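To keep things clear, I will list the structure first and then write my remarks on it.
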């Protein structure tokens, strides 16, 4: 065994060589998103690479995009070849530094923000697809990087790395072993993800049924509401303008705590979230949100970015804040109601904009929506029932997530041990 600084002990008969000795390097196409079309030359850019780091399995067809044939004329250096790699040359975080795709076919172009690696000899380098996934190998990249806004993974940085090269027979054994092991682990991970998906669906359906139909058997009546067909006989219906009023109080000195409005977590202090978005130098003039107010992210209301706030703080002046007029709702019930799936779908139907990312739902539309109003006692019972159900479902999801994390950790471990020779894959049972 011999010691390699980033890989630890490796078999003494393995070679340690510069990456540049096995591959030629070139830039991807000089294109933008505006150049992408529905048909033409297939291209893989950094966005697709980051969306699914599939170095182990080759290019996934649905990730491919296309550019017109005219764009690739005279750009043969950007044409990827089988057994090569396409690296993303930028990353927003260190974990993404080194994300790449193993090229398992000819005829695909490296796209924007990529580095194209073409093998110098006709060898099967799928083994490296596994090696490149390890934190050990990526350490060589990370120690060279400095962050400005994005981490830049240049050709120079890639060329400075070394790789391990076992004999061909061992490389093939490693790939066969890891293909089998990782496929089994990936299948197990997918099963647990499907369980999580079903739990989330169950929770969403339970929230919708309880919020809109109650939790006790009762006579139903037509709701007169566009987004919900029936409600219990004892419930009322009112338009938003009789329930809520838009507020516009502004911060004088910007000293209050900044809040975020999310379709996933509702209203939370920004300090409690890992947010990388730009923050204004001054919060003077931001809108003041009081406890129990209803902030709505105008740009993402169509996706459910609204909720009842448990905090006093500041909200972006681009958002809207509503307040109950005469407290006809229990705040916990109202928080569930405002983000229930059928109502969120109605927000989207009422929103205007030239494309999904530009949809807006303005106050006059929000206040014109008809909302169901259960008796207060029933609202409190529904909220308590949903809180209990949500807690149980989230506990189940946490258990599934913990299993997934263990499987992913095992996957990383088995890859590292195999590609660095800690285990002899020729002796392992596949």
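When the strands (runs of 3 or more DSSP E) confined to the range 1-114 are screened for residues that are over 21 Å from residue 156 (Cβ atoms), touching a residue at least 60 places away in the same chain (Cβ under 8 Å) and under 26 Å from the mean Cα position of the chain (by Cα), those reaching at least 1 such residues are found at 41-44. I'm checking my understanding of the structure. Among residues of the range 141-170 that are free of Cβ contacts under 8 Å to residues at least 24 places away in the same chain and either out of contact with any helix residue (DSSP H, G or I) (no Cβ under 9 Å at 6 or more places or on another chain) or assigned to a strand (DSSP E or B) (or both), which one is nearest to residue 124 (Cα to Cα)? This residue is 156.
Within the range 289-300, can one find any residue that is in contact with a helix residue (DSSP H, G or I) (Cβ under 7 Å, 6 or more places away or on another chain) and surrounded by fewer than 18 Cβ atoms within 10 Å (Cβ to Cβ)? Yes; the residues of the range 289-300 include at least one that is in contact with a helix residue (DSSP H, G or I) (Cβ under 7 Å, 6 or more places away or on another chain) and surrounded by fewer than 18 Cβ atoms within 10 Å (Cβ to Cβ). Residue 138 meets each of the listed conditions (1) within 23 Å of the chain's Cα centre (by Cα); (2) touching a residue at least 60 places away in the same chain (Cβ under 8 Å); (3) part of a helix (DSSP H, G or I) apart from (2).
Considering only residues of the range 323-341 that are in contact (Cβ under 8 Å) with a residue 60 or more places away in the chain and in contact with a helix residue (DSSP H, G or I) (Cβ under 6 Å, 6 or more places away or on another chain), which is farthest from residue 381 (Cα to Cα)? Checked the range 323-341; the qualifying residue farthest from residue 381 (Cα to Cα) is 341. Checking every residue in the range 195-203 against the condition of being in contact with a strand residue (DSSP E or B) (Cβ under 9 Å, 6 or more places away or on another chain), closer than 26 Å to residue 390 by Cβ and modelled with pLDDT of 95 or more gives zero matches. With respect to residue 221, determine if the residue is on the phi < 0 side of the Ramachandran plot, in contact with a strand residue (DSSP E or B) (Cβ under 7 Å, 6 or more places away or on another chain) and surrounded by fewer than 14 Cβ atoms within 10 Å (Cβ to Cβ). Taking the combined requirement at face value, the residue satisfies it.
All of (1) more than 27 Å from residue 227 (Cα to Cα); (2) touching a strand residue (DSSP E or B) at 6+ places or on another chain (Cβ under 7 Å); (3) without any contact (Cβ under 8 Å) to a residue 24 or more places away in the chain hold for residue 353 with one exception: (1). Within the range 184-194, is even one residue touching a residue at least 24 places away in the same chain (Cβ under 8 Å), in contact with a strand residue (DSSP E or B) (Cβ under 8 Å, 6 or more places away or on another chain) and more than 30 Å from residue 387 (Cα to Cα)? Checked the range 184-194: no residue is touching a residue at least 24 places away in the same chain (Cβ under 8 Å), in contact with a strand residue (DSSP E or B) (Cβ under 8 Å, 6 or more places away or on another chain) and more than 30 Å from residue 387 (Cα to Cα). Of the numbered criteria (1) more than 30 Å from residue 192 (Cα to Cα); (2) surrounded by 19 or more Cβ atoms within 10 Å (Cβ to Cβ); (3) more than 24 Å from the chain's Cα centre (by Cα), the one residue 347 fails is (3). Across the range 395-430, the number of residues qualifying as more than 17 Å from residue 137 (Cβ to Cβ), part of a helix (DSSP H, G or I) and in contact (Cβ under 8 Å) with a residue 24 or more places away in the chain comes to 9. May I ask you to verify whether residue 4 is in contact with a strand residue (DSSP E or B) (Cβ under 9 Å, 6 or more places away or on another chain), farther than 14 Å from residue 114 by Cα and modelled with pLDDT of 95 or more? Spelling it out, it is not the case that residue 4 is in contact with a strand residue (DSSP E or B) (Cβ under 9 Å, 6 or more places away or on another chain), farther than 14 Å from residue 114 by Cα and modelled with pLDDT of 95 or more. Only one of the numbered conditions (1) in a loop (DSSP other than H, G, I, E, B); (2) buried (at least 17 other Cβ atoms within 10 Å of the Cβ) is not met by residue 372, and that is (1). Total residues in the range 115-135 satisfying the condition of being touching a strand residue (DSSP E or B) at 6+ places or on another chain (Cβ under 7 Å) and either part of a helix (DSSP H, G or I) or over 25 Å from residue 65 (Cα atoms) (or both): the figure is 5.
The values are calculated or read from the model by the stated rules, or taken from the named source; none is laboratory data. In this text, all values refer to a predicted model and were calculated from it rather than measured experimentally. Note that we place each Cβ from the backbone using ideal geometry, even for glycine, and neighbour counts take in every protein chain shown.
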